[in-house]
Amino acid sequence: MQPMPAHLHSRDRFPLRKWGWIALAAATGFLILVGVISLTTFFLFRQQPFDVPEWQDPLTLVNADTIDPALAVAGLGGVSDGDLVAQALTQARADTAFAILVFSPSIGDQESAGNFLLLANRYRNDNRREQAIVCYRLAGTIATLSPDLPDTVRADTFVLAGEGLADLEEFGLAQLYFDQAYNVVTASPYLQAATRRNIFQRLHQGYQTIGDRERARISLEQSAEAFPAVTVIESPPVLPVAETPPLSLEVQQAEAARWEAAQALATLLAERGGHAPAEFVTALGGALIAEDQAKLPYFDAQLAATPQLSVQISVVQARINWLAVKYRVARRGYGISLVPEWEAQVETIRADLTKSYELLFALYADLIVAMPEADQIELATEEILRREILAGTLGRYPNYPAEQRIAQLLQATARLVESRPGEKMRVVILPYAGVDSFVLVDDAGFLAATQ
């Protein structure tokens, strides 16, 4: 780990950081005084009386036969994935929205979590209980692992997921997310008093619904506490977002041709109830192949031509975005067979996607090592490991090295607990009702779970 260069210890920056830490310590101190640490540990290690289902790879739950091809193919015509999800939810095309959300790496984590909650409600309205449970769980998983969500959003996501699961009588998962909401609302130094009070009141109702009277009582008591105003601002993620790299004229033309073919096919599919002349399907398939033949060599050439890590990361992220489209086509994730030869090569495409993710996170590791400040290195290391584990858990990063990355995350988090205590919620693995689950805890909970 590199020491902090002397030129960064400026008189301008140190007082701001110093007072920020003092404020953070004061907020954390108050929470400790009201019994947060002991209660958080109590909630973590009590016996869980409900069952928790085993995790399922979300991609295996996509049903190509129930996807609306007209709406899905519109995504190949230039409509953003986020807009398509909103449209699919409005039009009650739940399976189409699900396919977009689980395949797409371009939708931000906060938007994805919110959309999974909305989609879960849609499945509930359609009396599709199992699909609703999966979506609530995906929203909760994103809220646990993503470094991008503010703690206020995390707590609200956990409560909403818990409430939905409780209504479905999936009490084990409901308890998991109620407990995580409790952990955040008691331990995070960033939630305002009104937010804490509201969430404690909802937890009181939620725990009552699942028959946990003791936790309901504790939550009600906590809601009556006089919480101080919060003046500490939650720090944003350290690592920059990968920007879209410039594309060559040839690649832009190939992309435009694919948009045109997709728009024509989507229009006909919408007009003819999901059916279209074969020549329009063939035209889009040919455009996708031509774009693939232009894009992948271009990305490879760009990687070879630039030594700048941030540019390489942007190129590899663009490569992943394209391969995600290709993989979805190969698995008929647009509700229609577009490129039969890709369907025959699905395992090869999957392996290419895995290699691209491996390269992406290797480049991030190089970028982190080059950071000038030791505390930035620690924060960025924990952050990128959470991103990698989330991508693997959601099925977007096939065959990711789960055990190795989780072990590295716990090591990186242990260093942050020591160097930056009380600043963030921490991720641990706990056997919730016998099923290993990602759980957010405070520093004391992390130490108790890992020692």
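Derivation of every value follows stated rules applied to the coordinates shown; laboratory data play no part. Only a predicted model underlies this, so the values are computations on that prediction, with no experimental measurement involved. As a convention, Cβ positions derive from the backbone with ideal geometry for all residues, glycine included, and neighbour counts pool all protein chains shown.
From most to least packed by mean Cβ count within 10 Å, the peptides 215-223, 114-122, 48-56 give 114-122, 215-223, 48-56. Normalised by the number of residues in the range 68-122, the mean separation of alpha-carbon contacts (under 8 Å, six or more apart) gives a relative contact order of 34 percent. Taking the alpha carbon gyration tensor of the range 206-252, multiplying each eigenvalue by 5 and rooting it gives semi-axes of 49, 20, 7 Å, largest first. Spacing of the modelled spin labels on D57 and A226, each 7 Å from Cα toward Cβ, amounts to 5.6 nm.
What's the Cα-based Rg to Rh of the range 226-335, Rh via Kirkwood?
My calculation puts Rg/Rh at 1.20.
Paramagnetic label reach from Q91 (point 7 Å along Cα→Cβ; backbone nitrogen cut-off under 18 Å): within the range 119-140, residues 119, 122-123.
When +1 charges are put on Lys and Arg Cβ atoms and -1 charges on Asp and Glu Cβ atoms, the dipole computed for the chain relative to its Cα centre reaches about 780 debye. Size descriptors for the range 344-392 (Cα atoms only): Rg and Dmax, in that order, 13.8, 48 Å.
Taking other Cβ atoms within 10 Å as a rough exposure proxy, E388, E279 sort from fewest to most as E279, E388. Taking the longest Cα principal axis of the chain as reference, the axis of helix 94-103 is set at about 80 degrees.
In plain terms, the residue of L409, L268, L203 with the fewest other Cβ atoms within 10 Å comes first and the most crowded comes last, giving L268, L409, L203. Relative to the dominant Cα principal axis of the chain, helix 151-167 is inclined by about 80°. On a 0 to 90° scale, report how tilted helix 36-45 is relative to the longest principal axis of the chain, with both axes built from alpha carbons and the result rounded to the nearest 10. Once rounded, one gets 60 degrees. Computed over the alpha-carbon atoms, the range 249-414 gives an Rg to Rh ratio of 1.07, Rh here being the Kirkwood radius from the mean inverse distance. State, to one decimal in nm, how far the label point of T66 lies from the label point of A264, with both points 7 Å from Cα in the Cβ direction. Calculated label separation equals 3.3 nm. Computed extension gain for Q308 through L447, at 0.36 nm per residue and net of the alpha carbon distance, reaches 46.2 nm. Mean sequence separation of contacting Cα pairs (under 8 Å, at least six apart), scaled by the length of the chain, corresponds to a relative contact order of 22 percent. At the listed q of 0.11, 0.18 Å⁻¹, the Debye profile of the range 18-223, built from one uniform point per Cα, gives log10 I(q)/I(0) equal to -0.56, -1.19. Using the alpha-carbon positions of the range 170-237, Rg (one decimal) and Dmax (whole number) come out as 12.7, 38 Å. Sorting W342, W322 by the number of Cβ atoms found within 10 Å of their own Cβ, with the fewest placed first, yields W322, W342. The candidate values are (i) 4, 19, 28, 24, 16, 7, 1, 0; (ii) 4, 15, 16, 10, 7, 7, 6, 6, 8, 9, 7, 3, 1, 1, 0; (iii) 4, 21, 30, 27, 14, 3, 0; the one derived from this structure for P(r) over Cα pairs in 10 Å bins from 0, in percent carries the label (i).
Mind ranking 442-451, 166-175 by how tightly packed they are, going by the mean number of other C-beta atoms within 10 angstrom, highest first?
Result, highest mean Cβ count within 10 Å first: 166-175, 442-451.
Between the C-alpha center of the range 115-179 and that of the range 384-430 there is a gap of 21 Å.
Its relative contact order, with pairs defined as Cα atoms under 8 Å and 6+ residues apart, puts the range 18-223 at 18 percent. The mean of 1/r over all distinct Cα pairs in the range 153-270, once inverted, gives the Kirkwood hydrodynamic radius of 17.8 Å.
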